[in-house]
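As structure tokens, the structure follows; a few thoughts come after it.
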Amino acid sequence: GQSLEQPSEVTAVEGAIVQINCTYQTSGFYGLSWYQQHDGGAPTFLSYNALDGLEETGRFSSFLSRSDSYGYLLLQELQMKDSASYFCAVRDQASGATNKLIFGTGTLLAVQP
Amino acid sequence: DTAVSQTPKYLVTQMGNDKSIKCEQNLGHDTMYWYKQDSKKFLKIMFSYNNKELIINETVPNRFSPKSPDKAHLNLHINSLELGDSAVYFCASTTRPGRSGANVLTFGAGSRLTVL
């Protein structure tokens, strides 16, 4: 089966940098995605890493190490609006359904003034 | 011009009742999903359809029955509702990713079901 573990909560102050980790166990791997979900809202896609290394998109960056089955989301210059839940996700290859996305346990980020 | 729309947004009902949630996407995507998000925010896949064909059916009680009349619509009917069915149900859609491509899901706003 697949499992993705994340810290349940992270707290940081405005302007700071925060890293949200994700460790995964999968029977196949096609890449690691990150989604953001504000309270009461829908999950929205943030980033995707298929290969090892860092992908940068504005204030957000995502890193992947396939040999370590590990990735992280890095949020810089934190703003109050970044307070949300963040989910890592992988495509599940075990069942052969190539478009089955499995989500991690989610990390609630609280940004304080 | 909402991409993925679900109705109703809120649903409060009694145990034992039957209810439906509807979903429509105007993105031209081939694949649609139902996810359940519980009170601990855990997002769990329930079903997936590709061009009206059921391709993913997780270990969901058979009180839950999805229906896809066409590739733009995916509905979820729940019979004999139980307290544990209380959750937010999200519809999502996507195009078929390439081998190394991201499977980017576009989610609807969610339907919060409360069973009393």
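Considering the range B:73-96, and only residues there that are crowded, with 17+ Cβ neighbours inside 10 Å and in contact with a Gly (Cβ under 9 Å, 6 or more places away or on another chain), the residue that is nearest to the other protein chains (Cβ to nearest Cβ) turns out to be B:F90.
A:T98 meets the conditions (1) β-branched (V, I, T); (2) more than 19 Å from B:K40 (Cα to Cα); (3) at pLDDT below 95; (4) in a strand (DSSP E or B) in every case but one. The failed one is (4).
How many residues are crowded, with 19+ Cβ neighbours inside 10 Å and under 29 Å from A:T105 (Cβ atoms) when one looks only at the range B:1-41?
The first filter runs over the range B:1-41 and keeps only residues crowded, with 19+ Cβ neighbours inside 10 Å, leaving B:4, B:6, B:11, B:21, B:23-25, B:29, B:31-37.
The next check asks that each one be under 29 Å from A:T105 (Cβ atoms); those that pass are B:4, B:6, B:11, B:21, B:23, B:25, B:29, B:31-37.
Within the range B:1-41, residues that are crowded, with 19+ Cβ neighbours inside 10 Å and under 29 Å from A:T105 (Cβ atoms) number 14.
From the list A:Y30, A:Y24, A:Y48, which one is in a loop (DSSP other than H, G, I, E, B), modelled with pLDDT under 95 and buried (at least 19 other Cβ atoms within 10 Å of the Cβ)? Testing whether each residue is in a loop (DSSP other than H, G, I, E, B), modelled with pLDDT under 95 and buried (at least 19 other Cβ atoms within 10 Å of the Cβ) leaves just A:Y30. Considering (1) surrounded by fewer than 18 Cβ atoms within 10 Å (Cβ to Cβ); (2) over 18 Å from B:V4 (Cα atoms); (3) over 12 Å from the mean Cα position of the chain (by Cα); (4) not aromatic (F, W, Y), the lone condition that B:K44 does not fulfil carries the number (3). Applying a threshold of 7 Å to beta carbon distances and a minimum spacing of six or more residues, or different chains, the list of pairs starting in the range B:62-88 at a residue that is free of Cβ contacts under 8 Å to residues at least 40 places away in the same chain and ending at one that is assigned to a loop (DSSP other than H, G, I, E, B) and surrounded by fewer than 17 Cβ atoms within 10 Å (Cβ to Cβ) reads B:R63/B:N79; B:R63/B:S80; B:S68/B:K52; B:D70/B:K52.
Of all residues in the range A:50-64, those being more than 18 Å from A:V18 (Cα to Cα) and more than 9 Å from chain B (Cβ to nearest Cβ) number 1.
The values are calculated or read from the model by the stated rules, or taken from the named source; none is laboratory data. Here the structure is a predicted model, which means the values were calculated and not measured. Methodologically, a virtual Cβ is constructed for each residue, glycine included, from the backbone with ideal geometry; neighbour enumeration extends over all protein chains shown.
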